[in-house]
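See below for the structure under consideration.
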Amino acid sequence: MKFFRNLNITQRIQIVALTMLLLLFIISALVVFSFSLKRVYSTTDRQMETYLNQISVIVNMAEQKTSSGFDFNDHAILKPIFSSSAFLKTDYPFLVSTSGEYLIHLYKEKHKIPKAELSQIVSHSSQFGYVKYFETKNDKEEEYRLYFKKIDTYNAIVGVPVSVNELTSSLKANRVVLLIFVLLGSVASVIALYYVLRPIRNAINNVTSSIAMLSQGKIPEKATFEFNDEIGDITKLLNNLIDGMERTADFAIEIGNKNLEATFEPLGPNDRLGNALINNRESLKKAYEEEQQRKEEDDKRNWVTMGLAKFGEILRQNNNNLQLLSDNVLQNLIDYLNANQGGLFTYNDDDTSNIYLELVSAFAYNRKKFKQKTIQLGEGLVGNCAVEKKTVHLREVPTNYLEITSGLGDTPPRSIIVVPLKLEDKIFGVIEIASLTDFSDHEIDFVEKIGESIASTLSAVRNNIKTNYLLEQSQQQREEMAAQEEEMRQNMEEMLATQEEMSRKSIEMEGMSSAINETLLFAELTEDGYFTSSNMKTMQLLEYSRTELEVKKIEDIIHPDDFVFFQAAWNEVQSGSPYKGTLRWVTRNDENPYILTSITPTYSETGELFKIYIIGQDVTESKLLELRAQKQAEEIEQSLLEIQVEQDISKSKEEEMSLLLQALDQTCLVTEISVDGTITYINHKNVDTLGDRKELIEGRKHDELDMMARKNPEQYKAMWDQLLVGKKVTREFSLLVNNNKVWVSENYIPVRNSLGEISKIINIGIDISLFKQKEEELLAQLKGGKGNKNEEKS
Amino acid sequence: MNVTSQDLQYFILTLKNCTKYDLTEYSDKSLMRRLQKILVDFNLDIPGLVAAIRNDADFSEKIVKEITVNTTELFRDPQVWHMLRSRILPRFKNNKTINIWHAGCSTGQEVYSMMILLNEMGMLENAKIFASDLNSDVLEQAKQGVYKYRFNIGYLDNFDKVIKQNPLNYEEFNDVPYEKYFDIDKVRDTITIKKHLTEKPIFRKHDLVKDGNLFFAKFDLILCRNVIIYFNYSLQNKVFELFHTNLYTKGILLLGMHETILGPWAAKFEKMGQAYIKK
């Protein structure tokens, strides 16, 4: 059996088949042989019976022809018939009597049949039959069958001996042939088996190697098959298996490659691997989906967290510049939300009666838009959002809602959110953002959350800015105030200095003025020639009161003889030229004093004549001497002219005084003496008239120079006492200058300062030498009369 | 802080000894007030101030600058400018050159006012403009020609009154745009004189007390407005003498609105409003 086990299946089949075939062939040969033998026997039996019957008939017939009983005639007639064999070479019939004697036989007539056989025949029950016997021939015992028939005629038995050998010899001859055929048939079947089994073997080998590969985990190529037999089925199934394995493997690989959508049909409802894979895929898919979902949620969370951090950072920067901050926040927010445009409005309640939302920053398509826009509370989406303090999410945007389009295409944003920037329910602004895609909830939540931060920052920034602005403003104001203050101080200083200058001059002028008023005639006229004011001296001279004089014109007081002359002068004056000359005036009492008159027109700044000044000196006393005193008169005239020239047209008293002072300076000897008696100033006239040298006189004490002080100290002291209590003193004196006697009439006038204290004494002297000279000459001529008057008047 | 007259004299003397400035003949009262202001501003007392002046030349310079008063404006006292336009400048219309000296020009507004007026009268070509001040800071500002706008909106009124309008003929109106002479920048709060004006004048630091005539020229017109009010009588006369010496005959000295020549020099000038014509 062991041997058998080691054989391959073909060999086994071959061996088994061969063996079985042999057996089969042998059994069948035996069967055929025995059947053939039987048939031969039975055929022989029937042939013999028939044959014996025919012989019996013949025997009968022969009897009838002849006399009863067997005789030679009978013999003679029957002999030929019994001399030919029945069917075989040796089966010659014979006729035997019941006694056992051959009546007719080919060669044993007169012999007797062996008793054994005769007894069997006689004892045989039926008429026909056979008995077996054996004859030894050539040392070989041969079997014979002795067919017999018992006949009535002759009371004899007809028989035929048949050799079995002869009977079966043909069969025996066939036996060899049969054997050869069996062998040939076996070989043929083995060969046939070999050829029939070879493809099967090959197929099995293929299957085997495929399975071997499968067992190693490889996926073999599909096996080819040609038969629709079992092997074919196996191969087919194997191919199905490979196919299935391939698909399963592919599927597994797809899963491995995370292609969870790969299609896969399990090999059958009970495909454990396939179903396991599918389950695996499903669970992977589920896990993946869960993962995706979790990732998505994580992403969202991350997005929000990162956004919060990012905007926290943005809001920390630039928090002193609202514009920059808004721009930054908005641009980044639009960017972060993948939106395409947006605006940031701040809540402006600077003016509580007009609260509105102001667009501080707008971006569209990643470009800053410089738009100015204000929205009232409750106006539109933004205004409403500010009032309701709730986010508005608009999913269908009206086509003309947005003012900015891209220019590249006009896909309107699909969705708009308007989010209030509020902090603790207080609104600080509104952010509006438009996007081409819908906003998801977490984005809106994010914007709202950011909105709070923005609101708080905006509030802080606004406060900062406000504070900074106020600080800067106050700083600037302080600086401006300081600058202004300095300017004011300088202005003030200038004013004060001017005022002081003016008041200083004014005081001086008043002194001068009173000096002039004491010495000269002075009046103001309108442009028509009416008196508007005049000094006492004038009024005294004319003997008119102030009111009387105010209705008079200058021409009313001019002597008719001089009127033509005056008229010409007046015309000159009207055209702008000052007049100077001696005119006879007419007093109330028709006295006609000679007055050295200077008429000076004054013009306003715009060049209009508005005032005319009259300055005069009563030269009546000397007029009589005029012809002889022409020179001196002219000098005075000249001086007066100069005074007139200097007469300012200005409104200020100070100016008019300055002119008078100048005139005085030219005409009179002016000396200024301080209260302690120091001479502080002498004018040129002083120098000219008295020959003094300015530098020798100024700074000296008056009493050192004055003759009276030396000659008559008491009188000098009395004079000073008078002056120091504010009274003016008049005196005359003469002295020799270059051998000429010079007479001077002096008027000492104390001058008070603004406090009313006597600050200095001004001495106005008039050179009266000529008068004196004339007077003396006249006195000498007239010898008497007017000397006293002269003295008084000087 | 009260400053006595003794303190003042001490201060003046120190300044005279330690610097080139001689304020001896400045008006006492004005100087006193300025000194008081300085003591407050610098938080010093007299000994401290004097010590600082002795030790620090820059400080002394600063003190002198603080003392000077630099009040001025464009077309200050428009009536004076009207007179210049209608009565004074026409006298020089036919001169080949017109020499003008702004003595005490401060921050230069007067100089530029004069140049604008001259330009409008077609006389700027022939004019030579000299300007001087004691305070080098204000002189520097004068050279720049940049002024605060907001404090000085009045300038433009003055400009209108002098340049655009004519008080002698109310129908006359010369529409001279401001841009012809100024750049006004409201944001920076500046009013800037155009360059063609600022380039022309010759600016010099100058002390009327002792520097005489720095310009080696005689003048047709000297403007010395609101300067002599800070001087005493004696110094005023010295200044008048200086001006008189350096004016051409018939040359004109223009003083401030409330300034007049009194005393000896009055006779050497013929007076015409604020203008004194050299005889």
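Expressed per residue, the C-alpha convex hull volume of region A:125-282 stands at 257 Å³. Kirkwood analysis of region A:447-490, using all unique Cα-Cα pairs, places the hydrodynamic radius at 12.6 Å. Principal-axis analysis of the Cα atoms of chain A puts helix A:9-65 at an angle of about 30° to the longest axis. The equivalent ellipsoid that matches the C-alpha gyration tensor of region A:10-178 spans semi-axes of 43, 15, 14 angstrom, in descending order. Is the shape of region A:299-464 rounded, prolate or oblate, going by the alpha carbon gyration tensor and its root eigenvalues a ≥ b ≥ c, with a/c under 1.5 for rounded and a/b larger than b/c for prolate? Since a/c stays below 1.5, the shape of region A:299-464 is classed as rounded.
Based on the alpha-carbon gyration tensor of region B:5-67 and its eigenvalue square roots a ≥ b ≥ c, which shape applies: rounded if a/c is under 1.5, prolate if not and a/b is larger than b/c, or oblate? Because its axes are fairly even, with a/c under 1.5, region B:5-67 counts as rounded. With helices as the sole contributors, the protein assembly as shown gives -16500 deg cm²/dmol at 222 nm; each DSSP H run of n ≥ 4 counts as -39500 (n - 2.57), and the sum is divided by every residue. In chain A, the longest principal axis of the Cα atoms and the axis of helix A:630-646 are about 20 degrees apart.
Sparse packing (at most 15 other Cβ atoms within 10 Å of the Cβ) combined with a DSSP loop state is found for the following trypsin sites (Lys or Arg not before Pro) in region A:497-604: A:Arg588. Ranked by the mean number of other Cβ atoms within 10 Å of their residues, highest first, the peptides B:186-198, B:92-104 come out as B:92-104, B:186-198. A Cα-only calculation for region A:164-243 places Rg and Dmax at 22.9, 75 Å.
Looking at region A:454-562 from every direction and averaging, what is the projected area of its Cα convex hull in nm²?
Numbers: hull surface 55.7 nm².
In nm², the orientation-averaged hull projection of region A:454-562 is 13.9.
Candidates A:Ser125, A:Thr66, A:Phe522 compared by Cα position along the dipole of chain A: farthest toward the positive end lies A:Thr66, with charges placed on Cβ. Principal axis extents of the Cα atoms in region A:311-386, from largest to smallest and rounded to whole angstrom, are 35, 26, 21.
Under 5 Å from the amide H of A:Ser361 lie the amide H atoms of A:Leu344, each residue being 5 or more positions distant or on a separate chain, with H modelled from the backbone and absent for Pro and chain starts.
With the convex hull built on the Cα atoms of chain B, state its orientation-averaged projected area in nm². Numbers along the way, then the final one.
Values: hull surface 62.6 nm².
With the hull built on Cα positions only, its mean projection is 15.6 nm².
The angle separating the long axis of helix B:233-246 from the principal Cα axis of greatest extent in chain B is about 40 degrees.
Just so you know, the Cα atoms of region B:124-196 work out to an Rg and Dmax of 14.6, 43 Å.
Lysine pairs in region A:299-464 whose alpha-carbon atoms fall under 18 angstrom of each other, counting only those eight or more residues apart or on distinct chains, come to 11.
For A:Val177, A:Val397, what's the fewest-to-most ordering of other Cβ within 10 Å of each Cβ?
With the sparsest Cβ surroundings first, the list reads A:Val177, A:Val397.
Near B:Asp137, once Lys and Arg are set to +1 and Asp and Glu to -1 for all other residues with Cβ below 14 Å from its Cβ, the sum equals -2. Using only side-chain charges placed at the Cβ, +1 for Lys and Arg and -1 for Asp and Glu, the dipole size of the protein assembly as shown relative to its Cα centre rounds to 6600 debye.
Qualifying chymotrypsin sites (Phe, Trp or Tyr not before Pro) in region A:64-161, where qualification requires a DSSP coil assignment and no more than 11 other C-beta atoms within 10 Å, comprise A:Tyr107. Sparsely packed loop sites in region A:408-496 (the GluC sites (Glu not before Pro) outside DSSP H, G, I, E and B with at most 14 other Cβ atoms within 10 Å) comprise A:Glu424.
A simple count of charges around A:Met306, restricted to other residues whose Cβ falls under 14 Å of its Cβ and scoring Lys, Arg +1 and Asp, Glu -1, yields -1.
Tell me the net charge near A:Phe345. Cut-off is 10 Å between Cβ atoms, A:Phe345 excluded, with +1 for each Lys or Arg and -1 for each Asp or Glu.
Within the 10 Å Cβ shell, the charges total -1.
Using the alpha-carbon positions of region A:690-730, Rg (one decimal) and Dmax (whole number) come out as 11.7, 31 Å. Here region A:668-794 was treated as a single set of alpha-carbon atoms; its pair distances binned every 5 Å from 0 give 2, 10, 18, 22, 20, 14, 8, 4, 2, 0, 0 percent.
With respect to the cross-link table entries A:Lys553/A:Lys728; A:Lys110/A:Lys137; A:Lys552/B:Lys279, which display a Cα-Cα separation exceeding 31 Å?
Long pairs (Cα-Cα over 31 Å): A:Lys553/A:Lys728; A:Lys552/B:Lys279.
As a test of the definition: which semi-axes, in Å, follow for region A:99-143 when you take the square root of five times each eigenvalue of its alpha carbon gyration tensor? Largest first, please.
One finds semi-axes of 20, 17, 9 Å for region A:99-143.
Across every direction, the projection of the convex hull enclosing the Cα atoms of region A:283-339 has a mean area of 4.2 nm².
Applying D = kT/(6 pi eta Rh) to the protein assembly as shown, where Rh is the Kirkwood radius over alpha-carbon pairs, T corresponds to 4 °C and eta to 1.567 mPa s, the Stokes-Einstein value obtained is 28 µm²/s.
FYI, it's all coordinate maths here, none of it is from the lab. These numbers come from a predicted model, not from an experiment. Every residue, glycine as well, gets a Cβ built from its backbone with ideal geometry; the counts of neighbours run over all protein chains shown.
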